[in-house]
Amino acid sequence: MLSRRKLIGGAGAVTAAMSAAAVSKVAMAALPEPVIQTKPDTMPPLVPNTGRPYNPVVTLNGWTLPWRMNNGVKEFHLVAEPVVREMSPGFKAHLWGYNGQSPGPTIEVVEGDRVRLFVTNKLGELTSIHWHGQRLPNGMDGVTGLNQPGIPPGKTYVYEFVARRPGTFMYHPHADEMVQMAMGMMGFWVTHPKGKHPLIEDVDRDFVFLLNAYDIDPGSYTPKIMTMLDFNLWSWNSRIFPGIDPLVVRKNDKVRIRIGNLTMTNHPIHLHGHEFLITGTDGGPTPKSARQYEVTADIAVGQMRQIDFLADEEGDWAFHCHKSHHTMNAMGHDVPTMIGVDHRGVAKQITKLIPDYMVMGERGMKDMTEMEMPLPDNTAAMMAGQGPFGAVGMGGMFSVVKVRRDQPRGDYSDPGWYQHPPGEVAYEWTGALPDPARFKAEGTGSMPPLAQPAIPTEVKVRKPAGGHSGH
Ligand SMILES: [Cu+2]
């Protein structure tokens, strides 16, 4: 079976797979051969050479599934199966996904397309696919038990409907959801408008990715499936920084980024250096009168957001979730705050007993970025990434939008670090430091408290060990 699947490793191979679709009637009566992707690289946009034309998207660390046209119907073949996903260099997770990867490939169609999706189940349990956000016949909605029987292991089911409205969608199982989504089963779907749409502007670059989360103990390979909220890996398309590719654009490109959230918490996604408009949501394009400029878009559980901006500032601009613990990778939680605590005496005593003992977090936690402590096998550093000025000290949901004047049109390759013009980088002050001028009244001036504690107290912030809940 495996040898019959098409393996792809480059854009040329994708095109070859598509043109091979022009085959005989006998072949058309058979299942379309599933196309499998084995690499986590960001693939170039898949320019359609059959069906109606559209401006394709780029899936961050992902790819678009090729299709075949069969009597005017666009046919795709998704295979639900166990996959190995490299989440960042040197760290591989054993997940479930589609066609060789988690997330599965992006599906791109055009408004009005009749779409036929073959779904083969190579898992050990029932599955189904729900086409999140679509208008479709009720029996195609994919909720196991409600709209269809679950797809048994080894069987293939067919979903067929017309992509009725343009927009940004997702797909995921509606069978044993908590397990199957915790294992990485999900994918992105874009329905492009047919012709000009009054609320969908043309853009030069159109990126898509899903927010997802895993709970994988350091040193292990498989996510814990009973985790409800306390995930320890916050990923974009099942990749964590520094494993997430940069979003490379040419200066003055009109850029669109579509983001879907299939984690169990919200993510305020923040872009540096530019303002964007939220031009689309789950329900479709946003009316122009309801758009306002933002630099952070909060994306709630199960939601999609489409942001548009003009990339008119050159540089390497951070782009990340604003929940600071979502820009870190797996770590122990029960670490008290040690900032400002001088451990030298204690550490010396303990070192006599435990030679490898070290104090964590005495000056903040970034020390741990460069700490030369061996990690267990198959573990991502908690905070990593080497930038042009040193360690970036990030993990999880973090990437960089690289805006370059000389980036060729349609070229997504990494241009390297931004070369700052002279005098445009923050620099050290080397002159004299004046004594601080202090205000005479240091607070509490306008409304003095009625009573004060008998003994003045100073509170130190210390995160309690254990007992935290929710993220
Ligand atoms: Cu987040």
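The values are calculated or read from the model by the stated rules, or taken from the named source; none is laboratory data. Quick caveat, the model's predicted, so the values are computed rather than measured. Because the Cβ atoms are built from the backbone with ideal geometry, glycine has one as well, and the counts that use them run over all protein chains shown. Calculation scope for accessible area: heavy atoms of the full protein, side chains included, ligands and nucleic acids excluded. Shrake-Rupley method; radii C 1.70, N 1.55, O 1.52, S 1.80 Å.
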Evaluate the following for residue 135: is it touching a residue at least 12 places away in the same chain (Cβ under 8 Å) and part of a loop (DSSP other than H, G, I, E, B)? yes
Within region 308-316, does at least one residue satisfy the condition of being open to solvent by 50 Å² or more (accessible area, probe 1.4 Å), assigned to a loop (DSSP other than H, G, I, E, B), touching a Ser or Thr at 6+ places or on another chain (Cβ under 9 Å) and within 28 Å of residue 395 (Cβ to Cβ)? no
Hey, among the residues in region 72-130 that are in a loop (DSSP other than H, G, I, E, B) and among the hydrophobic types (A, V, I, L, M, F, W, C), which one's surrounded by the fewest Cβ atoms within 10 Å (Cβ to Cβ)? 126
Is there any pair with a first residue in region 256-277 that is on the phi > 0 side of the Ramachandran plot and a second that is open to solvent by 10 Å² or more (accessible area, probe 1.4 Å) and among the hydrophobic types (A, V, I, L, M, F, W, C) whose Cβ atoms are under 7 Å apart and which are 6 or more apart or on different chains, and what are they? 273/317
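Check every one of the strands (runs of 3 or more DSSP E) wholly within region 146-239 and list those with 3 or more residues that are touching a residue at least 40 places away in the same chain (Cβ under 8 Å) and open to solvent by 30 Å² or more (accessible area, probe 1.4 Å).
Passing ranges, in order: 156-162.
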